[in-house]
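The structure appears right after this line, and notes come after that.
Laboratory data are not the source of any read-out in this text; all were calculated from the coordinates shown. What you see is a predicted model, and the numbers here were worked out from it, not measured in a lab. Using ideal geometry, Cβ is built from the backbone for each residue, glycine included, and neighbour counts are taken over all protein chains shown.
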Amino acid sequence: MTAQGSALKAPGATLAAIRHQEPLVHNITNFVAMDLAANALLAIGASPLMAHAREEVAEVVALAAALTLNIGTFSPAWVAAAELAAGEARRLGKPWVLDPVGVGATAFRRDNGRRLSALGPTVVRGNASEIRALAGLAGQGIGSAGKGVDASDSVESAAEAADVLARRLDCVVAVTGEVDRVTDGRRIATVANGHAMMTRVTALGCSLTAVTGACLAVQPDAFLATVHALALVGVAGEQAAGQATGPGSLRVAYLDRLYGLSPEELDLAARIEEAVA
């Protein structure tokens, strides 16, 4: 195995770094996701900050180690704040994640996705329908209407869109689904952790975006950071599902497993594979 491949399959090192460094992650996220995203960050050892007032976001970005933007319940004021925050992160050289929730569903979301994706995200994280729709907005001739904020496309169907989008935006693109796929336009990896019950708990995907921000804060290779975030959330989710009797207990168990997972246990449980570009 190459050194790159060895690092790829060692998400425990990134988890250990988060717990050691306790990075501050600034999240401009949606009302539905705030609680779970903040608690997921606390559970893995990071420090969450939820701030979306235009008057303070530039200062908060300067304090934080990473930024995440989730367009799920944006209003025009939040869009302005998100654009300001993304521009400041770019100016300061800080990593940021775009989560284009339901980007193909309405004209307002399409416009938000188009404008924010033009500001140089480090990572774009979405389901297959969202990635296909965002690629279409980027002028790639690939699109999907999706189904609200849920995916109606398979991860495989979004592979070409993800590769093209990664090259077009010069970023990492993660397509989440039954088997997650990550690409930076050159490298590709898959992560096969997770459980079907996770789709029954709202905002678990949004918490993944927050966790990705924490991983970016401690791992300078955005491709590795994104793969490790997917593995961490996937392993925690599948282990939680083994203890849960339904979505309510899964949510609680998910946070407990994020908190309780050791780096060594994560490495053993992660199902990460390099793929051929």
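Below is a table of values for the structure above.
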{"quantity": "Per-residue Cβ neighbour rank within 10 angstrom, fewest leading, HIS20, HIS195, HIS26, HIS52", "calculated": "HIS20, HIS195, HIS52, HIS26"}
{"quantity": "Of THR29, THR202, THR122, the one that fluctuates the most in a GNM where the chain has Cα springs shorter than 10 Å", "calculated": "THR202"}
{"quantity": "Stretch gain in nm, segment SER249-LEU268, where the contour uses 0.36 nm per residue and the Cα spacing is subtracted", "calculated": "4.4 nm"}
{"quantity": "Total formal charge among the other residues, if their Cβ is under 15 angstrom from that of ALA17, Lys/Arg +1 and Asp/Glu -1", "calculated": "-3"}
{"quantity": "At least 30 Å along the helix axis (C-alpha) and Kyte average at least -1.0, DSSP helices within the chain", "calculated": "222-243"}
{"quantity": "Ascending count of other beta-carbon atoms within 10 Å, so fewest first, for ASP163, ASP184", "calculated": "ASP163, ASP184"}
{"quantity": "Overall dimensions of the range 3-275 as given by Cα atoms, namely Rg and Dmax in Å", "calculated": "16.6, 47"}
{"quantity": "About the Cα centre, charge dipole magnitude for the range 3-275 (Lys/Arg +1, Asp/Glu -1 at Cβ), debye", "calculated": "460 debye"}
{"quantity": "Gaussian network model of the chain, Cα within-10 Å springs - most flexible of PRO247, PRO23, PRO95", "calculated": "PRO247"}
{"quantity": "Projected label distance in nm at ASP111 and THR73, using a 7 Å step from Cα toward the beta-carbon", "calculated": "2.2 nm"}
{"quantity": "For LEU266, net neighbour charge (Lys/Arg +1, Asp/Glu -1) across residues whose Cβ lies under 11 Å away", "calculated": "-1"}
{"quantity": "Cα lying deepest toward the dipole's positive end in the chain, options TYR254, GLY242, GLY102, charges on Cβ", "calculated": "GLY102"}
{"quantity": "Charge context of VAL103, other residues only, Cβ under 10 angstrom, K/R +1, D/E -1", "calculated": "+1"}
{"quantity": "Residues MET50, MET198 arranged by fewest to most Cβ contacts within 10 Å", "calculated": "MET50, MET198"}
{"quantity": "Selected from GLY260, GLY185, GLY72 as most flexible by GNM, with the chain as the system and alpha-carbon contacts under 10 Å", "calculated": "GLY260"}
